[in-house]
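The values are calculated or read from the model by the stated rules, or taken from the named source; none is laboratory data. Nothing here was measured: the structure is a model prediction, and the numbers come from that model. Neighbour counts run over all protein chains shown; Cβ positions are idealised from the backbone, glycine included.
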Amino acid sequence: MAVLFYAAVTDIKCREIPNGAVLAILFYSLGTSLLMRNRAGIKIGLIVGAFVFVVNLTPALLFPDSIGGGDVKLLSALAFHMGEGFFVLMFFLVLMLLGVMVYALVKKKGLRYSVPMAPYIFAAGVLCIFVDTFVYNIV
C-alpha cells in the first residue's frame, strides 16, 4: 500500500506515475509467488495482467488523453499481483470514476475533465483491504 500511496501522491503532484513504483509491485509479486512456490498464482497473474494491459492500452492508443501510460502500467502490475481479486479493485475504481464523471457533468466541465487516476486506484485498494479484512471474515 505504501507504493500505491507514493504513486498516488506523485500522480497528484506531477501527473506522472514513477516506473519504480510499478516495478516494485511487479518484483514484490513475483518474489512472493516464487518464495511460496505458487506457480498457479503466477499463471493467473500473467493472464489477468495481460488482459488488463490490453483492455487499458486500447483506449489509450485510440483516444489521446483518455488514460495515461502510467495508469495502464500501474493497473497491469496490480492485476498481476492480485490475480482474479483485481476485479474487486476495479469494481470500486469504476464506482469512484463514475462519481467523478457525474461531478464533471453537474459542474458543466464536460467529459474532457481530467483527473489523476492513481489516487482513485489507491482508494480502491484501501477499500479492497477493508472488504477483505472485515466483510469476508464476518461471512
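What to note about this one:
- Candidates Leu105, Leu78: the one that is out of contact with any Gly (no Cβ under 9 Å at 6 or more places or on another chain) and in a helix (DSSP H, G or I) is Leu105.
- Failed criterion for Ile17 (all others in (1) part of a helix (DSSP H, G or I); (2) under 12 Å from the mean Cα position of the chain (by Cα) hold): (1)
- Only one of the numbered conditions (1) part of a helix (DSSP H, G or I); (2) free of Cβ contacts under 8 Å to residues at least 12 places away in the same chain is not met by Pro64, and that is (1).
- Hey, Leu46 hydrophobic (A, V, I, L, M, F, W, C), at pLDDT 90 or above and under 16 Å from Leu4 (Cβ atoms) or not: no
- Where a residue in segment 79-92 is surrounded by fewer than 18 Cβ atoms within 10 Å (Cβ to Cβ) and its partner, wherever it lies, is not β-branched (Val, Ile, Thr), with Cβ under 7 Å and at least six apart: Val88/Cys128
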